Amino acid sequence: MIHEVDEALRALLREALPEGTGEVVFEAPTRDWAARRNAPTLNSYLYDIREDVARRERGAYAERGPDGVVLRRRQPPRWFRLSYLLTAWTNRPEDEHRLLSAALGTLLAHELLPPDRLPDALAALGATLPLSVAVPPPEARSIADIWSALGGELKPSLDVVITVPFPVSPTYDVAPPVTEGAVVAVRGLDGEPGDSRPRMTRKRRDGDGAGADT
C-alpha cells in the first residue's frame, strides 16, 4: 500500500516541476545521493510511519452482496500516518527555493489526496486520504535529528504527512443464509414417524356408565 501512496504523491508533485524537466524521487537524501544527482529534483523521503491510534475501530464490517445478503465479515482497517521529508535539489539555492515554493503551493491546494491521482488499489478502498504540509512535527521528532541521521547538511524542507488506511486480514466467510424453515419429524412409540398434529380425545360411555377414552 505504501508504494501506491508514493505514486499518488508523485503524480501530484509533478505539477510543481517546470514542464518537461525535473523528476520526483523517493531516495534518502544522503551526501552520496546528492553527489549523483544531475537534474532538478523533488525528493520525497519517507522517514516515518506511525499508526493514527485515534482512528482505530473495533468490531467487524459486514460485506454484502447485491441482494443485501452478508457474504463475509472483515476487520476494520488500521490508519497510518506516512511522513515524507520533501526537499528541492538544483544547482543554485535560488532555484531550489523557487522549486520548493511551487511544491508548497501545489500541496496547499489539497487537504486530501485528489481522487483522480489515486492508483486503482487506493481508489478501491473508497476512503478519503488526508494530506497535511508544513505542520510542526511532534516534540518526539526533530527534523534536525533526521538530517543528522542521514549524514547530510540541514536544508530547507517541507514535512508532508498522508494518512492512509491499511486493510487488516483475515476476512471471515459466513454461512449461507437460511431460506427454508426447519422441519421436525416426530416418531411414535413404535419408532415409526408419527403425526405431530395436536390430537383431541373424547369419552364414550359403555353399558355400565363408565367412560372410556377414544
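Only the coordinates and a few stated rules stand behind these numbers; no lab work does. None of the values given here were measured: they were computed from a predicted structure. No Cβ is skipped: glycine too gets one built from the backbone with ideal geometry, and neighbour counts run over all protein chains shown.
State the extension gain, in nm to one decimal, for the chain segment bounded by ILE2 and ARG64, taking 0.36 nm per residue of separation less the distance between their alpha-carbons.
19.5 nm
Need one number: nm distance between label points at GLU111 and ALA124, each 7 Å from Cα along Cα→Cβ, rounded to one decimal.
With each label placed 7 Å out from Cα toward Cβ, I get 3.0 nm.
Which number comes out as Rg/Rh for the range 2-173 once both Rg and the Kirkwood Rh are worked out on C-alpha atoms?
1.05
Near PHE166, within a Cβ-to-Cβ distance under 14 Å, what is the net charge of the other residues, with Lys and Arg +1 and Asp and Glu -1?
On the way: positive: ARG50, ARG55, ARG56, ARG74, ARG78, ARG81; negative: GLU4, GLU51, ASP52, GLU57.
Net charge in that neighbourhood comes out at +2.
If r is the Cβ-Cβ distance from ASP145 to ALA11 and R0 is 22 Å, what FRET efficiency results, to the nearest 0.05?
Given R0 = 22 Å and the Cβ-Cβ separation, E is 0.15.
What do you get for trypsin sites (Lys or Arg not before Pro) in the range 85-166 restricted to DSSP loop and a cutoff of at most 15 other Cβ within 10 Å of the site's Cβ?
Values: sites: ARG98, ARG117, ARG141; in loops: ARG141.
Within the range 85-166, the qualifying trypsin sites (Lys or Arg not before Pro) (loop, at most 15 other Cβ atoms within 10 Å) are ARG141.
Can you list which of the trypsin sites (Lys or Arg not before Pro) found in the range 1-93 are DSSP loop residues with at most 11 other C-beta atoms within 10 Å?
When the trypsin sites (Lys or Arg not before Pro) of the range 1-93 are filtered for loop state and at most 11 Cβ neighbours within 10 Å, ARG56, ARG58 remain.
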